[in-house]
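Structure first, then comments.
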Amino acid sequence: MRKWLIPVGIIVVLLLLAVSSYNGLVGIEADTKTAWSKVESAYQRRNDLIGNLVKTVQGAADFEKGTLTAVIEARAKATAVTIDPANISPEQLAQFQQAQSGLTSSLSRLLVSVEQYPNLKANQNFLELQSQLEGTENRINVERDRFNDAANLYDKKIRSFPSVIFAKLFGFNEIARFKAEAGAEKAPEVEFNFDKKAEAK
């Protein structure tokens, strides 16, 4: 009778270890998915603000059509790129970053062009949208950093013993992180000091 106690005990310990590891992996994966959803939410807010900004700019007579079209097209491309948070690969994240960078560049060109339109620069709605965009860019950077932190904790968990055994068994894979692009150490410029010209005079 006692001969069976040892193997049964080993099986029970292994089962408890498996359940504990699995639950831990599920929990930390869920945290990473939540962090990613906040990244998407921040980008979505920027897309919404850009849509409102475009509508405001379209009301300006003779505004540069090419610049405006570039923003509209870049925004469409950025919103078309979606990522499954359960399977974020380096390739998917690179594509997502490229689309968002294209929108950032187009937006910057549009805001520079606004310098030639005094009515737009004095438009209260435009100024408020511009200010909100600046805050949203900062929020995007914060949420991206938080996602990277969550992904780092997750990846360490699935590579640590004994979790690594159950991670491979249950299909928990590494999650890609945001990587800095050239010049990405600075937030995109989306604000203007309209008083500079006046001060120069």
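Using the Karplus curve 6.51 cos²θ - 1.76 cosθ + 1.60 with θ = phi - 60°, what ³J(HN,Hα) values do you get for each residue of the stretch 20-33, in whole Hz, with x for Gly and Pro?
Values per residue, Gly and Pro as x: 5, 5, 4, 4, x, 5, 4, x, 6, 5, 5, 4, 5, 5 Hz.
Measure nothing fancy, just the Cα-based angle from helix 65-80's long axis to the longest principal axis of the chain, in degrees from 0 to 90, nearest 10.
With both axes taken from Cα atoms, the answer is about 10 degrees.
Output needed for the stretch 2-200: three equivalent-ellipsoid semi-axes, defined as square roots of 5 times the C-alpha gyration tensor eigenvalues, in descending order, whole Å.
On the way: eigenvalues 497, 41, 31 Å².
Ellipsoid semi-axes (Å, largest first): 50, 14, 12.
Scan around residue 88 for amide H atoms under 5 Å from its own, H built in the peptide plane at 1.01 Å from N, and keep only partners 5 or more places away or cross-chain.
176
How much mean residue ellipticity at 222 nm does the chain get from its helices, if each DSSP H run of length 4 or more adds -39500 (n - 2.57) and you divide by all residues, to the nearest 500 deg cm²/dmol? If you can, show how the numbers build up before the last one.
On the way: 7 runs with 147 residues, N = 201.
-25500 deg cm²/dmol, from helical runs alone.
So which of 33/179; 38/168; 33/121; 55/179 end up more than 29 Å apart by C-alpha? Could the numbers behind the result be given before it?
Values: 33/179 18 Å; 38/168 27 Å; 33/121 40 Å; 55/179 32 Å.
Beyond 29 Å: 33/121; 55/179.
Only the coordinates and a few stated rules stand behind these numbers; no lab work does. Quick caveat: nothing in here was measured; it's all calculated off a predicted structure.
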